[in-house]
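Just so it is clear, none of the values below were taken in a lab; they were calculated from the coordinates. The shown structure was predicted, so the numbers you read here are calculated from the model rather than taken from an experiment. Note that we place each Cβ from the backbone using ideal geometry, even for glycine, and neighbour counts take in every protein chain shown.
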Amino acid sequence: MDMEVTRPEGQARSLARILREEGLAEVEVEMGNQRFRLRRRREPDLLATRPAGDDVEQALEALEGLAITSTRVGLVHLRDPHLGTTPAPVGATVEEGQVLAWIQTMGVHQEVRAPRAGRVLETLVAEGDPVEYGQVLLVLQGGN
Amino acid sequence: MFKKILIANRGEIALRILRACRELGIRTVAVHSEEDRESLHVRLADETFCVGPGPAAQSYLNIPHLIAAATIAGAEAIHPGYGFLAESPRLVEVCEKHGLVFIGPGLAAMRLMGDKAQARQTVVQEGVPVLPGTDEVTESEDAREFARLHGYPIMLKAAAGGGGKGMRVAHGPEDLERHFLTARAEAQSAFGDGRIYLEKFLPRARHIEFQVLADSHGTVVHLGERDCSVQRRHQKLVEESPSTVLTPELRREMGEAAVRATRASGYSGAGTVEFLFDPQSGAYYFLEMNTRIQVEHPVSEVVTGIDLVKEQIRVAAGLPLGFSQQDVQLRGHALECRINAEDPENDFAASLGTIQELHLPGGPGIRVDTHLERGYVVQPFYDSLLAKVIAHGSNREEALARMDRALHEMRVRGVHTTVDFHRRLLETGEFRRGEIHTTFVEAWMSGPALEA
């Protein structure tokens, strides 16, 4: 997912704000075989559809990054369960294959690794948050 | 009673369970694949978890993800629906380990009734008749002995066969001699396994099943039968209750047999005891027990007025059944047509696409259980059931008229469906007269009746 950068800092968060303000359940952008998606817990609204608002599109276009998503359902850990250190805080530069976080499912900690080198642009979850399959954990920038 | 239940299914049954929970004041946790993100059951649930990508093996069958979702959400119980993990002893085990209630039978009963040989043995001890059959037969002398005891026709089945393959029917002693040798040779060449079993063959048998409900306090009741004889390649198409061929005496006798079988397995929850019924002789034979809520459960619900899914949940929570056998009355007649996303003109090939237009039937005596809505995308990953149309009338004629009227009203555009196929099927003289049997649909489709 290669997108043009205009104002990279805080874009994921501004997307989250748009989701809230527009009452959207989810925004998703697909490019090639990469995908970026933000969603929020929604109120049950049977008639709600998913309009593709211009400002959402613009915000997405403004974002260059690789969304790191969870491939499991469980609790996310940004801190090393043994060492207590945080390997990939916002702003950190990470190597390809480096551990970014852990997902704890039924007691087992599964590592989440960086598919490429880059800088951690945003963290969209907090230590111990429940996460679902496909949920964006953090966004990596650059490093291509 | 539970405060929160996780629904480990999708489609119409997930919605059905969600409705029962809502009525009981129980909060719901929906799980879904990425493809089902927009589904009705997801939008209606109190909480949702995406548990994997489209293929069921990675999402709806992903036990660790389901358990994690249940634990995180603080659900006390998991309702498996039908299909997927509904008959998985593994899920029951894992639920127990994690302090979750599995809404269904206990592990022992599920294992016992899930094993055909053990189930057969269990019900025989209760005096429930089973279809006469043999273990492996190697000598034609043994085959003749079986024929002498049980009479013709006899089905010869390859041990390694399945889905109708390697099956031959012998109508007399000459047939038996001939088929015995060829069936063995065939089985050997087709499956590399020449073992043959014999079974009494019922040419125009009916598939009649009894709905049972058992609580954890020793009460077991049956809710009458469903006649599911209208099948195509072992897939049920139309179900009805009551059956046109059971007398009140037979209903009581078979119902009691179903209750005995259920009790003997230590069962609790909702289940179905399946029988083959021979209308010529009035004989019935236990086939198997399904340890889940079934697709066709609404048929029994509308004739008894009992909400089976709510009872399942209540019983799983340890509550006693609120009624006894005498309280169960069958009122009127009910039919269910399963509307699938299939093309009857093209050998019932799965039909994928987006629902462009949808009008569901309604009016007196019609219930439609469906997850369909305009814009719904029929996916290749899941089964083809789109909707269940259930018609209830004071008698069979009224139920049939209502079903016919409902199918006329129903409009689904965007995918091929079996709506028109059902209309033609219900118009046949055989169906009108109730002269149905498990091979009726195949006979009708290959016969001149189709052009009529």
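How much net charge surrounds B:Glu442 when only other residues with a Cβ under 10 Å from its Cβ are counted (Lys, Arg +1; Asp, Glu -1)?
With Lys, Arg at +1 and Asp, Glu at -1, the neighbours total +2.
B:Arg424 label point, 7 Å along Cα→Cβ, cut-off 18 Å on backbone N: hits in segment B:222-263?
Counting only backbone N, you get B:230-233, B:237-238.
Taking the alpha-carbon centroid of each part, what is the distance from segment B:223-238 to segment B:44-67 in angstrom?
30 Å
Please sort B:425-435, B:303-313 by packing, taking for each peptide the average over its residues of neighbouring beta carbons within 10 angstrom, highest first.
Numbers: B:425-435: 15.4, B:303-313: 21.0.
The most tightly packed comes first, giving B:303-313, B:425-435.
Along segment B:350-363, what does the Karplus equation 6.51 cos²θ - 1.76 cosθ + 1.60 (θ = phi - 60°) give for ³J(HN,Hα), rounded to whole Hz, x for Gly and Pro?
Once rounded to whole Hz, the list reads 4, 10, 9, x, 9, 6, 8, 8, 8, 10, 9, x, x, x.
Inside 10 Å of the C-beta atoms of B:64-74, what's the mean count of C-beta atoms belonging to other chains?
5
Just for the Cα atoms in segment B:181-280, what are the lengths along the principal axes, largest first, rounded to whole Å?
52, 31, 23
Given the pairs B:Lys97/B:Lys310; B:Lys236/B:Lys388; B:Lys116/B:Lys388; B:Lys4/B:Lys388; B:Lys4/B:Lys236; B:Lys3/B:Lys97, which are separated by over 22 angstrom at their Cα positions?
B:Lys97/B:Lys310; B:Lys116/B:Lys388; B:Lys4/B:Lys388; B:Lys4/B:Lys236
Once label points are set 7 Å from the Cα along Cα→Cβ at both B:Leu352 and B:His217, what is their separation, rounded to one decimal in nm?
With each label point 7 Å from Cα toward Cβ, the separation is 5.0 nm.
Taking H as built 1.01 Å from N, whose amide H comes closer than 5 Å to the amide H of B:Phe102, not counting residues under 5 places away?
B:Ile78
Counting Lys and Arg as +1 and Asp and Glu as -1, what is the net charge of the other residues whose Cβ lies under 11 Å from the Cβ of A:Pro81?
Taking every Cβ under 11 Å from that of A:Pro81, the sum is -2.
Please list, ordered by chain and number, the residues whose modelled amide H lies under 5 Å from the amide H of B:Thr438; skip anything fewer than 5 residues away on the same chain.
B:Ala205, B:His207
Would you report the distance distribution of C-alpha pairs in the protein assembly as shown as whole percents per 20 angstrom bin, up to the bin with the largest distance?
P(r) over the protein assembly as shown, rounded to whole percents: 18, 45, 28, 9, 0.
Can you give me the Rg/Rh ratio for chain B, using Cα atoms for both radii and the Kirkwood formula for Rh?
So for chain B, dividing Rg by the Kirkwood Rh gives 0.97.
When the expected Rg is taken as 2.2 N^0.38 Å, what fraction or multiple of it is the alpha-carbon Rg of segment B:248-292?
1.18
Can you compute 3J(HN,Hα) from phi for each residue in segment B:403-413, using the Karplus curve 6.51 cos²θ - 1.76 cosθ + 1.60 with θ = phi - 60°, rounded to whole Hz and x for Gly and Pro?
5, 4, 4, 5, 5, 5, 6, 5, 10, 10, 10
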